[in-house]
Each structure stands twice: as structure tokens, then as C-alpha cells.
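Working notes, structure below.
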Amino acid sequence: MQRWFFGLVFLVFPGCAATAPAEAGPKTSGRAPILVQPVQATAPKAAPSPAPVATNEPAADPDAEDEEGPDDDEAEAAEEGAEAEATPAAPPPAPKPPSPLLALSVTQLEARYRSDPASVGPLSLGATNAGALVNGVQMPKSEKWLVADPSCAWGTQETVDAIARSIEKVATEHPGAPPLAIGHISSKKGGHLSPHRSHQSGRDVDLGYYHSPPKTHFVRATEANLDLERTFALVKTIVSDTDVELVLIDTAVQRMLVAHALRKGEDEAWLDQVFQVRGKHPRPVVRHARGHGNHLHVRFVSPVAQELGRRAGAFLRREKVAPPHVADSVVMHKARSGDTLQILARRYGTTVEAIQGANGLKTIDIKMGRTYRIPVPKPPAPPKAPAVPKRRAAPPPRTTAGATRGPMHGR
Ligand SMILES: [Zn+2]
């Protein structure tokens, strides 16, 4: 075990680096049919009010590609640290769409996969920063969103549905909403997706903010251009109505959203529970991470795809369907003089291929001083279903006069 203390080693729980889709004009490509289920409305409605009309248009998008920053790690590390005390809460009673696949044993699942791989549905493997995606579902086209790069818009069914339902709901409740820019989810088979650390297992997505006037790509949110009404509605919907692990939003944007929410009479206790800028909750779901001033990052939980992925993981690895880097956690290692991939693989009990896969390396060259992600295999854990965080349904705002709800937009 002492080998773990060589070099600069720390556990990392990544967020995402910013991804600015250059232009969000969707390309046409083959896509799987998507079932968009009706929205599950657990959040009481706020009275709709007209979207603010902003005037200023920034000269250009000031956000270039952000480097992967340590802030993401801090956000995630903080989350991880709080895990132990936060978990004792009872498991959520929220009804889940049952999947008959969950009744299958590991053996049955394997047999089924062998006879028809697609029949086991999407599988989310490993951690979001050391994962893979099997039978992923591509984000469908819609007039309500613009997928920047369809080849990097693959997720679990649960992720794709959650994104679609959330945007549909905003569009229904705030008619006239412009299409929302959708950045990366995962690549078709998951795994490393530049420039992110996460986005590997079909559960992460980058979403633009709503702007006025509308934008087709990621643009830094300012008082002048942020469509507060719709952006707040989007965040509220994601937090209230979906299985969400975390939402990364720049502090400055959080402040604007919270100020807007307070003006609207949204429940303060709920805002305290949800937004980090309120400073009231040890583990708020909406947290700051660098690079999220022009888009928000959502990490969903996919109870079915994660559980099936967990059960199928062993045979998928054995059959080499799952790439070698798939692991439950990742250790960061800063390369020192004399380090080679072979040495690191031996030291951490993994393989050269796994380290290459986790870092998108095409060769065995590594650079001194650069930090590499090392997927760390864990001993087989006792069976455990993925923890689904309790949904944080928002109570109704104080002022609810005139609230009317249109029917959910069907597909
Ligand atoms: Zn992201």
C-alpha cells in the first residue's frame, strides 16, 4: 500500500472543463429513435412571467476553451467529503420507471447480451471520469434545442430523456423560448472526451444558458444577456424533476439566478438547499466550478443504466467490450523524472492501455510535470445499487396568481 504515496497523488472527482460549441448548427447524422417520456412534474409551478428583454449583445463570445481547472476538482472533492454524512437520509421514495431488465441476474444479463447486445439497453460503466457507455442513445433533434456536435451527444436513455423533458418543460411554460444550445454529453462509446475530465459514461451534459437575444452557442452570461426567467426555470426543473447528482454554475450566474428567484418569491429554504451561493447548505446541488460562466454542467444519475452497467461490468471487461480504463475511481499522478507508463501501471495495479485510454494518449510518451489520470481498479464491491439523490422539489413561490399550465408538449 505504501506505493500509493509515491509521487504527487490525490484522488480527483472531476467536473467538466468548459466546452464551447463553436457554432451550434446541428449536423445531420444517423440517430437512434428516442422515447421522450412525459414530464414528471414534482415541482409546483411558479407563475409564469414574461421573459426579460435584454438589450446588450456582447461583441463576441469571450469564452474560449477553458483549461481543465482545479476548481472542478474542489467542487467534487467537497462533495465527496460530505458524502458520508449526507447519505444517511432514507432512500428516495420517488417512483422510478421500472425496467424489466433489472430483474435479470448477472448470468441472465450476460446471456441476453451475447444473443442480442442491443437488447440490454444503455449501460453506464465506471465513474464519470473513468467510464464508458454501451448502447448509448443519441440526443434527438428538436426545434427546442441545438446539438452542437451530435457525435458527442450520446448518453443513457435516462440522461437523454431528462435533458429533453427539462427543455420541453421550459419551452411549454415559457412559450417562445429559443432553442437551447446543447454541448457535449458523451461520445458514442463514452470514455475520454476532450477537453473534459468527465463526460465519460453518458451522464454528464453541458447546456447553454438562455439568452435574450437568443444565442446558438455558449456565451458568457451577463446581466445584460441572461434570460433569467427561462434559465432559472431550467435549473429549477432539472433540480426538481430529474435525478441529478450535481449542477455546475459559475458563482456570478448563481447570484443572478438567486436574486431573480427571490424577486419572484421562490421559497428561500429551497434556494438555501440548492444554491451554493446562499452559503447555507454543506452540500448544495448547484455548485461553482471554473469555466461555467457560459454554460452549465449537469451530472445526472441513471439508476437503470448504472445498475445494469455494474452488473454487466465484469463480463464486458472480460470480453473487452468495455475499454480497459473503465474504473470506479481515478488517481491523479504528476509525472516525475523516470516515470514511464509501464512503471505507473505497475505501481497502481493497472495497465498501460488503461492509462492511455484514460488520458486519450495515442503513444507511450509522457511528459514530465504533467498530471495524468490513473484509473484505479477496486476490489469487487458488494452489490450496491447506485444511490439516487433525493429530489429537491421546489415549493410554490409566494405569489402564484394567474398561474396557468399548458399541456406538456408531446412527441
Ligand atoms: Zn461539462
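The values are calculated or read from the model by the stated rules, or taken from the named source; none is laboratory data. This one's a predicted model, so the numbers in the text were calculated from it and none came from an experiment. Positions of Cβ are generated from backbone atoms using ideal geometry, with glycine treated the same way; all protein chains shown enter the neighbour counts.
Just one of the listed residues (D267, D243) is closer than 26 Å to N129 by Cα and among the charged types (D, E, K, R), namely D243. Within the stretch 251-270, take every residue that is surrounded by fewer than 22 Cβ atoms within 10 Å (Cβ to Cβ) and within 21 Å of the chain's Cα centre (by Cα) and give me the one that is nearest to V304 (Cα to Cα). My answer is T251. Residues in the stretch 195-237 that are modelled with pLDDT of 90 or more and more than 28 Å from E173 (Cβ to Cβ) were compared, and the one that is farthest from the ligand (Cβ to nearest atom) is S201. Against the numbered list (1) at pLDDT 95 or above; (2) more than 29 Å from E268 (Cα to Cα); (3) within 13 Å of the ligand (Cβ to nearest atom), K188 comes up short only at (3). Examine the stretch 359-382 for a residue that is over 23 Å from the mean Cα position of the chain (by Cα), within 24 Å of G313 (Cβ to Cβ) and modelled with pLDDT of 85 or more, and state whether such a residue exists. For the stretch 359-382, residues over 23 Å from the mean Cα position of the chain (by Cα), within 24 Å of G313 (Cβ to Cβ) and modelled with pLDDT of 85 or more: present. For P214, the stated conditions hold: it is free of Cβ contacts under 8 Å to residues at least 40 places away in the same chain and of a type outside the set (F, W, Y).
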